[in-house]
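Nothing in this text is a laboratory measurement; each read-out follows from the coordinates by a stated rule. Here the structure is a predicted model, which is why all the values come from computation and not from measurement. Cβ placement follows ideal geometry from the backbone for every residue including glycine, while neighbour counts extend to all protein chains displayed.
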Amino acid sequence: MMKDKVIVSSIQRFSLHDGPGIRTTIFFKGCNLKCPWCSNPENINFNIQEYFDGNERKYYGYEISLSDLEKEILKDKIYYENGGGVTFSGGDGLLPFKKIEPLLQKLQKEKINICVETSLVVSDELVNIAIKYVDTFIVDLKIIDEKNAYKINTNVSLYKKNIEKLFSNNCNVIFRIPLVPDYTYTVDNVSKILNFLKKYKPQLVQIFKLHRLGEKKYESLNMKMPEFKEITLEEINKLKEKIEILGIKVEYCQI
Amino acid sequence: MLKKIKKIIKKCIGKQNIFCMIRIKYICDKTYNNHKFINILKTIQKTKFYSNSKNKTGFSKLVKNIKIKDLKENENFYYNIDMFSVLVTPNEVMGNFCIDYSLFIENSLEELKNKISSKNNDFYMEELELINGIEIYLDRIIEKLKISKKYDVITNLENIKNCKAQSYTDALQRILFFNMLLWQTNHRLNGLGRLDKILIDYYDYDIKNGLLTKEKAKELLKEFLIILHRDFKIKSNVLLGDTGQIIEVGGIDINNNYLCNDLTYLFIELMEELKLPDPKVLVRASKYMPKELISESLKCILTGIGCPIFANDDVIIDKLINFGYDKEAAYNYGTSACWEPYIIGMSSAQNNIGSLNFMQPFIDLLENEDLSKFNNLDDLIDKYQTYLKKFVENLVLKINEITFEKDSLLSLCIANCVKDGKDISLGGAKYNNFGLTGVGLANVVNSMINIDEFIFKKNIMSFEKFNDIRKENFKNNDELLKKLKSNGLRYGEDNDMVVSLANKIICYTSKILENKRNSLNGKFKFGVSSPNYISDSKNFPASFDGRKIGEPFSVHISTDKSNGYTELVNFASRIDYNFNRFNGNVVDFFVTPNFIKDNFDKFIDFLIASIKVGFFEMQMNVVSSKKLIEARKNPDKFPNLVVRVWGFSAYFKDLPDEYKDYLIERALKNEGAI
């Protein structure tokens with residue numbers, strides 16, 4: 001792959017759920033975590049992947065140069081005016097940050113609001129780059145219980161260190177919590193999450209339950225999306241209240 | 001029985017009368033059951049026809065005999081179209097316009113007469129006879145209302161004769177009265193104009209002087225709108241709901257001040273409250289408009305009634321001025337029928353006098369040319385232009401054969417007929433530019449992109465073979481058809497190649513029409529929105545965009561993509577609407593109600609940005625595919641479901657099946673379901 005090219009699986013314009021205002025969301029391929037409920041399984045692998053739609057050969061991911069990516073992002077510049085901008089997502093939106101730093105510089109110059117959706121289980125170097133450019137971090141808050149970290153291949157201490165860094169640099173952080181029984185939604189993990197939130201008091205917490213909209217994509221990759229226990233609305237509301245008591249704004253996102 | 005019906009139909013067709021035509025339409029409509037059929041037959045038999053004779057115009061006979069209706073106690077306005085009294089008009093009656101009702105609000109009939117009486121020729125004699133006829137009609141109504149002691153209404157009707165409007169109610173009555181006259185005399189597609197602007201002085205004065213409360217003003221306006229809606233079936237042109245009754249509100253003035261008042265909001269509020277498909281409101285949008293007005297408009301749109309639609313002053317007005325309209329007239333533009341910009345009260349525009357089917361010359365090319373000689377897209381486009389030229393020239397010739405009916409009433413309404421003593425049908429209006437509505441452009445563009453991709457670039461087969469497959473309706477070629485439908489680039493994407501291809505065709509069309517003149521010595525203009533995407537595509541051959549025989553053409557400026565709204569608006573804003581290309585260019589898309597509800601503020605941001613980006617016009621259907629599918633199966637459960645069709649709103653149940661199916665298909669595409 002050329003030096004100035006990255007692999008994206010899709011570019012979604014008029015995206016309304018990935019940060020403030022109207023946004024263009026860039027989905028990069030590649031993620032360090034292995035969450036079994038992932039709704040974008042086509043973005044876990046870092047490479048372009050072949051699949052079949054009926055008899056037709058298709059691919060998840062394509063190479064795009066940074067200048068073309070910039071062009072795509074700037075197409076909707078005028079719609080970003082009221083707080084909107086670009087969101088780098090994935091996969092993990094933060095992983096290609098070293099490569100896309102020239103693009104980030106240009107976007108910052110153009111005064112484009114930048115968000116990133118990340119697990120934050122990334123190197124110190126990437127966090128340092130991100131802090132320079134990102135206006136809002138949308139950070140997953142999943143398993144922060146060391147002994148269960150293996151379930152999603154996360155690294156809790158690295159995660160905690162990075163979070164600490166973001167907050168000590170006064171970054172805007174939104175936490176996103178997927179509520180998955182036996183994984184993120186266990187008595188122990190929830191209590192740890194609440195303590196964690198209490199400590200950092202983020203501007204917003206978004207909670208959501210799983211959906212199975214990605215199921216067809218699993219099939220196309222010859223994978224099977226596992227079954228999960230579902231969390232009840234009552235449980236969701238209870239958790240919402242518990243976070244609100246901490247003085248933190250909570251949104252329950254229904255897809 | 002059948003003989004009798006045929007005789008009646010023949011009689012009606014000969015008279016070219018809109019009411020008769022509608023009745024015939026019902027008769028021919030196979031879905032109509034026997035019971036209704038007999039009623040319709042009786043209706044036709046009951047009808048009295050009035051035609052011009054040596055000494056008397058048909059109109060002066062009609063007003064003496066027309067049925068006068070009494071008013072109920074709670075009614076504040078007189079309005080009654082007598083569908084059994086029919087004026088015989090052997091030629092095409094000019095329709096599709098928007099008179100300036102302030103002419104009748106600011107002037108009494110007496111004053112209008114004074115402007116005429118000093119002059120002496122046939123035109124003025126006929127105008128005088130017309131006004132005398134109107135007075136006779138008014139007197140007959142007044143006599144009838146005396147019985148029921150409707151003195152308030154009587155005063156307002158008397159005022160029409162003697163003085164300018166005296167109050168808000170008076171002004172509303174005048175609009176209704178002259179609107180009624182226009183419908184009664186076979187004028188179809190009657191626009192209503194900028195009523196918030198016209199009425200505001202009367203409203204303000206009455207409120208200020210304690211003669212009217214805001215509540216009462218709303219009540220009266222509500223009654224006014226319900227009255228205009230009442231006869232929508234007989235007012236409809238081709239489909240039920242297609243009446244052209246559009247009210248424009250808001251808009252910038254010559255100094256870029258945005259005109260917006262209590263009535264602007266009241267019209268929108270009432271649209272939202274009444275949820276009627278007709279009349280409908282068009283909001284003249286601009287970067288200068290208040291956010292609150294966008295927000296109120298969006299709330300109304302959210303009800304799903306397909307209104308208001310937005311026309312972008314910041315784009316449209318310049319185009320009108322550049323085309324040759326006076327600055328003041330351009331700033332006061334309205335619309336006729338659907339979304340064709342119209343110079344209010346000054347024009348004989350005939351804004352949809354011909355269908356500019358971009359696909360027809362393309363099919364002609366495919367049928368007549370040796371396709372083996374084409375190696376690249378440029379050659380194909382060049383040849384297409386030759387065919388397009390021939391097609392447009394023939395269309396113009398056909399249009400110029402139309403003879404219009406002499407029209408005293410419309411001549412009274414439209415400047416400069418009275419001033420110059422010339423009937424509107426002979427070119428008396430200040431502006432006489434006719435409009436064509438373009439359809440199938442997206443299908444041509446997508447076809448060309450596919451030919452370029454699969455034949456010229458990838459060379460998957462010969463052009464002739466490709467054409468044979470098309471001619472056979474892609475029979476046994478499902479895989480290819482799928483590819484043609486889903487090929488990367490499509491009309492509606494803000495991609496340089498797509499935009500430039502569309503603009504190339506549009507600009508060439510513009511050039512062909514530039515020097516053509518119509519029978520009234522006016523120019524031609526055109527747009528890329530059209531009501532004909534279903535009617536023109538019936539039995540029409542398959543095309544390389546993946547459209548099979550008889551399938552509808554693309555709708556206005558639209559996309560197959562789900563949620564591709566910014567992309568579509570960007571594309572629309574890059575289309576070159578200059579010169580003569582402003583005859584309606586509407587961005588049309590579907591949104592599910594929840595999508596707007598869940599993102600209301602962001603959707604407002606989207607609209608504000610879209611106005612700045614520069615769409616020409618914009619309309620949307622806010623409905624889910626699920627609801628449409630249910631309503632298709634169980635129409636009785638959804639009697640009031642309103643949808644937006646080409647340029648008007650209609651009850652979903654009233655639409656022919658092919659329109660219902662196409663709406664469902666487009667809704668599903670928007671939701672990404674197909």
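Taking a virtual spin label 7 Å from the Cα of A:Y59 along the C-beta vector, which residues in region B:481-523 bring their backbone nitrogen under 18 Å of it?
B:487-489
Give, in nm to one decimal, the length gained when the segment between B:E215 and B:N162 is fully stretched (0.36 nm per residue of separation minus the Cα-Cα distance).
On the way: separation 53, 0.36 × 53 = 19.08 nm, distance 2.91 nm.
Going from the current span to full extension adds 16.2 nm.
Once R0 is set to 22 Å, what does the formula 1/(1 + (r/R0)^6) return for the Cβ-Cβ distance between B:N114 and B:D201, expressed as a FRET efficiency to the nearest 0.05? Write out the running numbers ahead of the final one.
Details: r = 23 Å, r/R0 = 1.06.
Computed FRET efficiency for B:N114 and B:D201: 0.40.
Counting each DSSP H run of 4 or more residues in chain B as -39500 (n - 2.57), what helix-only mean residue ellipticity at 222 nm follows after dividing by all residues, to the nearest 500 deg cm²/dmol?
On the way: 29 runs with 334 residues, N = 674.
Helix contribution divided over all residues of chain B: -15000 deg cm²/dmol.
Of A:N40, B:Y101, A:I144, whose Cα points farthest to the positive end of the dipole of the protein assembly as shown (charges on the beta-carbon: +1 Lys, Arg; -1 Asp, Glu; origin at the Cα centre)?
B:Y101
Which of the residue pairs B:K64/B:K523; B:K483/B:K504; A:K209/B:K627 have a Cα-Cα distance greater than 28 Å in the structure shown? Could you put the intermediate results ahead of the total?
Values: B:K64/B:K523 40 Å; B:K483/B:K504 25 Å; A:K209/B:K627 26 Å.
Pairs exceeding the cut-off: B:K64/B:K523.
Among B:T386, B:T566, B:T264, which comes first, second and so on when ranked by fewest other beta-carbon atoms within 10 Å?
Numbers: B:T386 13, B:T566 23, B:T264 27.
Fewest-to-most Cβ neighbours within 10 Å comes out as B:T386, B:T566, B:T264.
Karplus couplings for region B:223-234 from phi (6.51 cos²θ - 1.76 cosθ + 1.60, θ = phi - 60°), rounded to Hz, Gly and Pro as x?
Values, residue by residue: 4, 4, 5, 5, 4, 5, 6, 3, 9, 4, 5, 7 Hz.
Taking the Cα centre of the protein assembly as shown as origin and charging only Cβ (+1 Lys, Arg; -1 Asp, Glu), how large is the dipole, in debye to the nearest 20?
Details: 133 positive and 121 negative charges, 431 e Å.
Dipole magnitude for the protein assembly as shown comes out near 2060 debye.
Report, ordered by chain and residue number, the aspartates and glutamates lying within cross-link reach of B:K208, taken as a straight Cα distance under 16 Å and ignoring same-chain residues fewer than 8 apart.
B:D262
Cross-link partners among lysines for A:K199, C-alpha distance below 22 Å, same-chain residues fewer than 8 apart left out?
Of all the lysines, those that pass the test against A:K199 - Cα under 22 Å, at least 8 places apart if same chain - are A:K142, A:K147, A:K160, A:K161, A:K165, A:K238, A:K240, A:K242, A:K249.
Using the count of nearby Cβ atoms within 10 Å as a rough guide to exposure, how do B:H556, A:H17 rank from fewest to most? Don't jump to the answer; show the numbers that get you there.
Numbers: B:H556 29, A:H17 14.
Exposure proxy ranking, most exposed first: A:H17, B:H556.
In deg cm²/dmol and to the nearest 500, what is the mean residue ellipticity at 222 nm of chain A if only DSSP H runs of at least 4 residues count, each as -39500 (n - 2.57), divided by the residue total? If you can, show how the numbers build up before the last one.
Numbers: 7 runs with 75 residues, N = 255.
The helix-only estimate for chain A comes to -9000 deg cm²/dmol at 222 nm.
Rounded, prolate or oblate for the protein assembly as shown? Axes are the square roots of the Cα gyration tensor eigenvalues, ordered a ≥ b ≥ c, and the cut-off for rounded is a/c under 1.5.
On the way: a/c = 2.26, a/b = 1.70, b/c = 1.33.
Taking the square roots of the gyration eigenvalues as a ≥ b ≥ c, the protein assembly as shown is prolate.
Neighbour counts of other C-beta atoms within 10 Å: give me A:Y252, B:Y662 arranged from fewest to most.
On the way: A:Y252 15, B:Y662 19.
Least crowded to most crowded, the residues run A:Y252, B:Y662.
Using Cα pairs closer than 8 Å and at least 6 residues apart in sequence, work out the relative contact order for region B:588-674, in percent.
Numbers: 73 pairs, mean separation 28.6, N = 87.
33 percent.
Write down the percent of antiparallel bridges among all DSSP beta bridges whose residues are both part of the protein assembly as shown, to the nearest 5.
Numbers: 26 of 85 bridges.
The antiparallel fraction comes to roughly 30 percent.
Taking 32 Å as the cut-off for C-alpha to C-alpha distance, list the pairs among A:K77/B:K319; B:K222/B:K525; B:K458/B:K516 that go past it. Display every interim value, and only then the final one.
On the way: A:K77/B:K319 26 Å; B:K222/B:K525 36 Å; B:K458/B:K516 41 Å.
Correct reply: B:K222/B:K525; B:K458/B:K516.
So who's got an amide H within less than 5 Å of the one on B:S530, skipping anything under 5 residues away but keeping other chains? H placed 1.01 Å off N, in plane.
Here B:H556 satisfy the definition.
7 Å from Cα along Cα→Cβ at both B:A673 and A:E234: what's the point-to-point distance in nm?
About 3.3 nm separates the two model spin labels.
How much of the DSSP beta bridge set in region B:48-343 is antiparallel, as a percent to the nearest 5? Don't jump to the answer; show the numbers that get you there.
On the way: 5 of 19 bridges.
Antiparallel bridges make up about 25 percent of those DSSP assigns within region B:48-343.
Each residue of region B:284-297 in order: what ³J(HN,Hα) in whole Hz does its phi give by Karplus 6.51 cos²θ - 1.76 cosθ + 1.60, θ = phi - 60°, with x for Gly and Pro?
These are the phi-based 3J(HN,Hα) values: 7, 8, 6, 5, 8, 7, x, 4, 4, 5, 5, 4, 5, 4 Hz.
Students often forget the sequence filter, so: which lysines lie under 18 Å Cα-Cα from A:K75 once same-chain residues fewer than 8 apart are removed?
The reachable lysines, counting only those whose Cα sits under 18 Å from A:K75, are A:K106, A:K109, A:K111, B:K561, B:K602, B:K612.
For chain A, set up a Gaussian network in which alpha carbons nearer than 10 Å are linked by springs, and say which option among A:C31, A:C171, A:C115 fluctuates the most.
Comparing A:C31, A:C171, A:C115 in the GNM, the peak value goes to A:C171.
Given axes a ≥ b ≥ c from the Cα gyration tensor, I'd like to know whether chain B is rounded (a/c under 1.5), prolate (a/b larger than b/c) or oblate.
prolate
By its C-alpha gyration tensor, with a ≥ b ≥ c as the square roots of the eigenvalues, how is region B:623-674 shaped: rounded for a/c under 1.5, else prolate for a/b larger than b/c, else oblate? Provide the component values of the computation, followed by the final result.
Values: a/c = 1.81, a/b = 1.27, b/c = 1.42.
Oblate.
Which ³J(HN,Hα) values in Hz, rounded to whole numbers, follow from the phi angles of region B:643-650 under the Karplus curve 6.51 cos²θ - 1.76 cosθ + 1.60, where θ = phi - 60° and Gly and Pro get x?
Calculated HN-Hα couplings, in order: 10, 9, 10, 4, x, 8, 9, 8 Hz.
Filter the GluC sites (Glu not before Pro) in region A:164-255 to those in DSSP coil with at most 10 other Cβ atoms within 10 Å of their Cβ, and list the result. Walk me through the intermediate numbers first.
Values: sites: A:E164, A:E215, A:E219, A:E227, A:E230, A:E234, A:E235, A:E241, A:E244, A:E251; in loops: A:E227, A:E230.
Loop-located and lightly packed - A:E227.
Would you tell me the mean number of C-beta atoms belonging to other protein chains that fall within 10 Å of each C-beta in B:597-608, as a whole number?
Details: counts 0, 5, 4, 0, 3, 12, 2, 1, 9, 8, 0, 4.
Taking all residues of B:597-608 together, the mean is 4.
With springs connecting C-alpha atoms under 10 Å apart, model chain A as a Gaussian network and identify which of A:K199, A:K29, A:K165 has the largest mean-square fluctuation.
The residue that fluctuates most here is A:K199.
Would you please give the residues with an amide H less than 5 Å from that of B:L436, counting only those at least 5 places away or on a separate chain, with H modeled from the backbone geometry?
B:K525, B:F526, B:G527
Restrict the search to region B:459-517; then list the trypsin sites (Lys or Arg not before Pro) that DSSP places in a loop and that have at most 16 other Cβ atoms within 10 Å of their Cβ. Walk me through the numbers on the way to the answer.
Numbers: sites: B:K465, B:R470, B:K471, B:K475, B:K482, B:K483, B:K485, B:R490, B:K504, B:K511, B:K516, B:R517; in loops: B:K475, B:R490, B:K516, B:R517.
Counting only loop positions with at most 16 other Cβ atoms within 10 Å, the trypsin sites (Lys or Arg not before Pro) in region B:459-517 are B:K475, B:R517.
In a Gaussian network model over chain A where Cα atoms closer than 10 Å are linked, find which of A:I231, A:I144, A:I44 has the largest mean-square fluctuation.
Of A:I231, A:I144, A:I44, the Gaussian network model singles out A:I231 as fluctuating most.
Is there a quick way to get the dipole size of chain B? I mean about its Cα centre, with the Cβ of Lys and Arg at +1 and of Asp and Glu at -1; what is the value in debye to the nearest 20? Intermediate values should be presented prior to the final figure.
Values: 95 positive and 87 negative charges, 537 e Å.
Charge dipole of chain B: 2580 debye, to the nearest 20.
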